Amino acid sequence: MKAGRAKARIAPEALPAHASAVYSILASLYPDAHCELDHQGAWQLLVATILSAQCTDRRVNMVTPRLFETWPTPPDLAAAPQEEVEDVIRTTGFFRNKARNLIAMAGALVDRHHGRVPDTLDDLVQLPGVGRKTANVILGNALGINAGVVVDTHVQRLAARLGLTRETDPVKIEQDLMALFPQESWTMLSHLLIWHGRRVCHARRPRCTDCALAVLCPSAGLV
Ligand code: SF4
């Protein structure tokens, strides 16, 4: 069985204790886990998160200093020429689409929210280029609001391997995780899963023999 498509199963009655044990081990491994997109405040994190689609955080962090220096506020970016924004963000991939979304998103902040980043999921997902995942990143990391769990490719993979969900749709995975973990831990939960996914539980070759979760992971050694 491939761990990436694991049918990992934990008995339903054992799931809460299993989830709690997974969280404890990960929290002790990565006490400083945090969002790895460099930012100051919700506006910068919103821009960086839109840029991070299909791109590494490291590469985003290489372009955002110039972007924020050239267009520091929503009104600045809303008035920016698209070609100039494209030039700055080109290396992050899908740069035409991202530039269009960034400019439109900044314009929507100016038009609808007095140039401020809104603090509700409903308002955030109305912004161009912003889906539920991005909205959860902003709420959890810049505004201190645990409204949901960020389900990216790492969270999706690890939740399946660890038997925390049998779903494949990100929205349903998020619902499973929200039901299993206390709300105050939702933002940190996604950091912990992402950090472990980047360092140990890789997509292609998970390092099960070095993994502190192997004692309780139903996918350990099944790759
Ligand atoms: S034992 Fe660790 S590395 Fe292996 S599948 Fe489970 S979580 Fe991933």
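Brief remarks on what is shown
- Remark: spin-label model distance Gln82-Asn61 equals 3.2 nm, labels positioned 7 Å along the Cα→Cβ axis.
- Normalised per residue, the volume of the convex hull around the Cα set of segment 133-223 (Å³): 93 Å³
- 0 to 90° range, to nearest 10: angle between helix 186-199 axis and the chain longest Cα axis: 80 degrees
- Among the protein heavy atoms, those of Met178 account for about 50 Å² of accessible surface (1.4 Å probe, every chain in place).
- Percent accessible area from carbon and sulfur atoms, the chain, protein chains only, probe 1.4 Å: 50 percent
- Normalised by 2.2 N^0.38 Å, where N is the number of residues, the C-alpha radius of gyration of the chain stands at 1.08.
- Distance from the alpha carbon centroid of segment 103-123 to that of segment 146-205 works out to 28 angstrom.
- When the chain is described by a simple charge dipole with +1 on each Lys and Arg Cβ and -1 on each Asp and Glu Cβ, the residue from Pro12, Ile50, Val117 located farthest towards its positive end is Pro12.
- Of the trypsin sites (Lys or Arg not before Pro) found in segment 168-208, those that fall in a DSSP loop while having at most 16 other beta-carbon atoms within 10 Å are Arg204, Arg207.
- Note on Arg116 and Lys172: their simple-model spin labels are 3.9 nm apart, each label 7 Å out from Cα toward Cβ.
- Residue among His34, Cys201, Gly140 farthest towards the positive dipole end of the chain, charges placed on Cβ: Cys201
- In units of the compact-protein estimate 2.2 N^0.38 Å, segment 38-109 shows a Cα radius of gyration of 0.94.
- Charge dipole of the chain (Cα centre as origin; +1 on each Lys and Arg Cβ, -1 on each Asp and Glu Cβ, all else neutral): 1120 debye, rounded to the nearest 20.
- Rounded to the nearest Hz, the phi-derived 3J(HN,Hα) couplings of segment 122-129 under the Karplus curve 6.51 cos²θ - 1.76 cosθ + 1.60 (θ = phi - 60°) are 4, 6, 5, 6, 7, 7, x, x, where x marks glycine and proline.
The values are calculated or read from the model by the stated rules, or taken from the named source; none is laboratory data. From a predicted model like this one, the values you see are computed outputs, not experimental measurements. Every residue, glycine as well, gets a Cβ built from its backbone with ideal geometry; the counts of neighbours run over all protein chains shown. In case anyone asks, the SASA skips ligands and DNA or RNA and just uses the protein heavy atoms, side chains included. Shrake-Rupley method; radii C 1.70, N 1.55, O 1.52, S 1.80 Å.
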